[in-house]
Amino acid sequence: MPEVRLIGDDGNQIGVVSRDEALRYAQQRDLDLVEVAPDARPPVCRILDYSKYKYEQEQKAKSARRHQKQVTVREIKLRPKIAENDYETKKGHVERFLKHQDKVKVTIMFRGREMTHPERGERLLLRLAEDVGELGSIEQRPNQDGRNMTMTLAPTGRAEDADTGEHEAVEPEAAAEQPQRRRRGSRRERGALPQQQEHRQQQAEPESAAAADADGDGDAASADAPAADEPAADEPAADEPAADEPAADEPAGSDDAGASPTAGGF
């Protein structure tokens, strides 16, 4: 009958017992008999609650994955006769990758007779490593593989602190000296943009000029027109009689008073 090394539910070692005796011991405590070290001689078994044990193992694995840092390897390719401007551009890419906590694989590609001077490629790689020394360090030194020479750079701790945003604690006095950043309001709070204000002013100027012209024309017309209550200078007054018309009280035949009597008088 096979034997096992039994560990109790309290973590204490019971000793080497038979398999049936270990099963009876677990059944008496309403627990499970779990083999935790099958390669040992004799195998190690433990009495525990298997459901609880499985749950704890899953939580440990999840916690380990949460704290695990995933590293990405980026690659930059250079030529031994690279121009200075191109070199500065490539160096900027390497610095950006290192700030994001990515490893960088730098590759020098040789062509034709450039293979006879591999030291030029090595000098270029070491120069690049020195230029980005504040952000990364050499993890793998320059190594030539056929027509290519490679070097691996890894981010340093200082780059990690800069990326995670961890800063030293600021004392209250120093914090008071730092200027407070003013909050910018929304577009509605700030009003229209300068371009919109200028456009509105340009639209308002013709309208105001037209309104001013209309008011000026109206004032001139009102000044030239005579008043409604005053009579015109050339128009005779309504109450005065005309010079040629006889007066109303004078008889019509007053002008012929001295004329001879008519034939009826004879």
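How many lysine pairs are close in segment 7-139, with Cα atoms under 20 Å apart and the two 8 or more places apart or on different chains?
Qualifying lysine pairs in segment 7-139: 21.
Taking loop as defined by DSSP and a crowding limit of 13 other beta carbons within 10 Å, which chymotrypsin sites (Phe, Trp or Tyr not before Pro) in segment 36-129 fit?
Loop-located and lightly packed - none at all.
Could you tell me the distance between the Cα centroids of segment 102-156 and segment 1-80, to the nearest Å?
Distance between centres, Cα-based: 45 Å.
Quick one: Lys105, Lys77, fewest Cβ neighbours within 10 Å first, how do they rank?
Going from sparsest to densest Cβ surroundings: Lys77, Lys105.
Please compute, over every Cα-Cα pair in segment 3-51, the percentage with a separation greater than 18 angstrom.
I get 15 percent for the Cα pairs in segment 3-51 exceeding 18 Å.
When Lys and Arg each count +1 and Asp and Glu each count -1, what net charge do the other residues less than 12 Å away from Asp86, Cβ to Cβ, add up to?
Neighbourhood net charge equals +3.
Please grab the % of Cα pairs in segment 63-155 that end up more than 16 Å from each other.
53
Kindly state, to the nearest 0.05, the FRET efficiency for Ala37 paired with Ser63, given R0 = 30 Å and r defined as their beta-carbon distance.
Computed FRET efficiency for Ala37 and Ser63: 0.80.
Where a number appears in this text, it was derived from the coordinates with a stated rule and is not lab data. The shown structure was predicted, so the numbers you read here are calculated from the model rather than taken from an experiment. Virtual Cβ from ideal backbone geometry, glycine too; neighbours counted across all protein chains shown.
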